[in-house]
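Okay, structure first, notes after.
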Amino acid sequence: MKITSGSAWQRIQQQGFDILQRGLDRHVRLAVTGLSRSGKTAFISSLVNQLLEGCDNQHLPFFDVVRQDRFLGCRRISQPHPHIPSFRYDQALQALSSQPAQWPEPTRGLSELRLAIRFRPEKGVTSWLTDTATLFLDIVDYPGEWLLDLPMLNQQYLVWSREQLQLLQSEPRASKAASWLQKAQQIKPDDPVNEDLLRDLAEEYTELLHYFRETLGLHLLQPGRFLLPGEMSGAPLLHFFPLPAATQLEDSISPVPGTQLEQLVKRFDAYRDHVVKGFYKEHFAQFDRQIVLADCLQPLNAGPASFRDLKRAIELILESFNYGRSSLLNRLFAPKIDRLLFAATKADHITPEQHSHLVALLGQLVHGAKQHVRFDGIPCDTMALASIRATTAGYCQHQGESIPAIQGNKADTGEAITLFPGEVPTVLPNDEYWQDNHFEFVSFAPQAKQPDHPLAHIRLDQALAFLLGDKLQ
């Protein structure tokens, strides 16, 4: 007789519980999607905080379940995968409550949490059967850099190499990449494996990716784990890079054993199959709802190449998700994302009358992605929000006139400033505009959390209403 271990039995029980709740439509897995520095950790922290503490109309006026006094409370409960670290909510709250307040530490690894949201149902069969109901909400947090690998899911090494070489040979990457490309061109596909050379070129390629992100403000940077390797740091699995000779090779070529090409192909395949596919299948193939966070202000500061790079990165990433209308069988065996929200973050870094401009700019950024998901007939919307407020909006006097302004503390120095941060264009300016003009949107530190009060925000209640409102009726 086979004896099932305690941990295995717990997993079986958890899977049975999840299947039951999904069958009852009382379980939602929310994909919080965004590249590095888009505000994922701040969004998750504030969402959890609003549900744990924000039980009144004053803080969540557009969240119907709260406005109608049907929200009974929320609690963190045991997460579905005990081998994955828990989302560091308490540490985030501690940073936001400190003096001066600090932004939570950026995400450097995988984490998750589960919330139980208790409410009084007003519609459907549930309202006839019981006075109270519970919605279970699962959220996974991960480094935005890892998202960049999703487009690699169905690629072969030579195809990937040619795509990356096309990027490296185009500005603004080309000038910085020229020296590395010259070194990489010395590698002949049929040369015997030289591990030291492959390692050195991979490390230099990694340095290039960091430069593209930190200095040029670019976003489409692969492989993502090169930027944030975590426990894989220094592993031979990361010692590969795009091969310039790929432009002369056929996709169907079979690498000669023991050669440079074979080693690069083996490492790419292992990275794709064990790292990217494993990450996707375990954490990204089961989502029901999705919010895509985008910082549109940083690309404006960095220039048009940054904006176009972010646009392409989002389009490629969203192609890796499953969208479509949900049914009972979908929920149980093949979940699809049936509701999608695009959100421009840091709305508090500009004055309120500029929010509509920010939404219009976001619309341009995600136009292609929205066309892709709208074909599947699912609700899709855009908005500007601030998960955690960093400024106060008002007016100031300038040359005898009262003009809109925001007040806050600069993130780098802590200096208190009051300013009109500038106008947000409704469309990305043409290249001629950038020759004589530039944007300088300031980064702010968060406002300190007040004891016994939820975090201050802008439109997080509207985001909750769009993402979860129909599940709480």
All positions within region 50-97 that are within 22 Å of Leu341 (Cα to Cα), assigned to a helix (DSSP H, G or I) and in contact with a helix residue (DSSP H, G or I) (Cβ under 7 Å, 6 or more places away or on another chain):
Gln50, Asp64, Val65
Quick check on Gly422: is it touching a Phe, Trp or Tyr at 6+ places or on another chain (Cβ under 7 Å) and either open to solvent by less than 90 Å² (accessible area, probe 1.4 Å) or more than 23 Å from Val359 (Cβ to Cβ) (or both)?
yes
Quickly run through region 296-310 and pick out the residues that are closer than 18 Å to Leu168 by Cα and touching a strand residue (DSSP E or B) at 6+ places or on another chain (Cβ under 9 Å).
Leu310
So which pairs qualify, if the first residue must be in region 219-237 and more than 20 Å from Val265 (Cβ to Cβ), the second must be in a loop (DSSP other than H, G, I, E, B) and open to solvent by 30 Å² or more (accessible area, probe 1.4 Å), the Cβ gap must be under 7 Å, and the two must be at least 6 apart or on different chains?
Leu228/Arg108; Gly230/Arg108
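Could you list all residues from region 303-319 that are open to solvent by 20 Å² or more (accessible area, probe 1.4 Å) and among the charged types (D, E, K, R)?
Here is the first cut: in region 303-319, the ones open to solvent by 20 Å² or more (accessible area, probe 1.4 Å) are 304-305, 308, 311-312, 315-316, 319.
Once the filter is applied, which keeps residues that are open to solvent by 20 Å² or more (accessible area, probe 1.4 Å) and among the charged types (D, E, K, R), region 303-319 yields Arg308, Lys311, Arg312, Glu315, Glu319.
Mind checking which residues of region 26-85 are acidic (Asp, Glu) and at positive phi? Break it down stepwise before answering.
Initially, region 26-85 is screened for residues acidic (Asp, Glu), giving 53, 56, 64, 69.
Scanning region 26-85 gives a single hit, Asp69.
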Residue pairs meeting the criteria (Cβ under 6 Å; at least 6 apart or on separate chains; first farther than 15 Å from Gly34 by Cβ, in region 274-299; second basic (Lys, Arg) and not in a helix (DSSP H, G or I))
Gln286/Arg29; Asp288/Arg29
Give just the number: which of (1) under 26 Å from Trp103 (Cα atoms); (2) among the charged types (D, E, K, R); (3) surrounded by 13 or more Cβ atoms within 10 Å (Cβ to Cβ) does Asp452 not satisfy?
(3)
Please specify each residue of region 360-383 satisfying the condition of being in contact with an Asp or Glu (Cβ under 8 Å, 6 or more places away or on another chain) and not aliphatic (A, V, I, L, M).
Gly368, His372, Pro379
Within region 328-340, does at least one residue satisfy the condition of being surrounded by 15 or more Cβ atoms within 10 Å (Cβ to Cβ) and among the small types (Gly, Ala, Ser)?
no
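Within region 275-283, identify whether any single residue is surrounded by fewer than 16 Cβ atoms within 10 Å (Cβ to Cβ), outside any helix (DSSP H, G or I) and not polar (S, T, N, Q), and answer yes or no.
Restricting attention to region 275-283, the residues satisfying the condition of being surrounded by fewer than 16 Cβ atoms within 10 Å (Cβ to Cβ) are 278, 281-282.
Imposing the further condition that a residue be outside any helix (DSSP H, G or I) reduces the set to none.
No, region 275-283 contains no residue that is surrounded by fewer than 16 Cβ atoms within 10 Å (Cβ to Cβ), outside any helix (DSSP H, G or I) and not polar (S, T, N, Q).
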Within region 341-361, identify whether any single residue is closer than 30 Å to His27 by Cβ, at pLDDT below 85, of a type outside the set (Val, Ile, Thr) and out of contact with any Ser or Thr (no Cβ under 6 Å at 6 or more places or on another chain), and answer yes or no.
no
I'd like to check something: does region 254-263 contain any residue that is surrounded by fewer than 19 Cβ atoms within 10 Å (Cβ to Cβ) and touching a helix residue (DSSP H, G or I) at 6+ places or on another chain (Cβ under 6 Å)?
yes
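Grab the helices (runs of 4 or more DSSP H) fully contained in region 128-226, keeping just those with 1 or more residues being in contact with a His (Cβ under 6 Å, 6 or more places away or on another chain) and open to solvent by less than 60 Å² (accessible area, probe 1.4 Å).
Numbers: elements: 144-147, 157-168, 174-184, 195-214.
Answer list for region 128-226: 195-214.
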Output for region 284-299, where each listed residue is more than 15 Å from the chain's Cα centre (by Cα), of a type outside the set (Asp, Glu) and crowded, with 23+ Cβ neighbours inside 10 Å:
Leu297, Pro299
I want to confirm something. Restricting to region 77-122 and keeping residues that are open to solvent by 30 Å² or more (accessible area, probe 1.4 Å) and of a type in the set (Asp, Glu), which single residue is farthest from Gln473 (Cα to Cα)?
Glu105
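The values are calculated or read from the model by the stated rules, or taken from the named source; none is laboratory data. These numbers come from a predicted model, not from an experiment. Because the Cβ atoms are built from the backbone with ideal geometry, glycine has one as well, and the counts that use them run over all protein chains shown. Remember, those area values only see protein heavy atoms, side chains included, never the ligands or the DNA or RNA. Shrake-Rupley method; radii C 1.70, N 1.55, O 1.52, S 1.80 Å.
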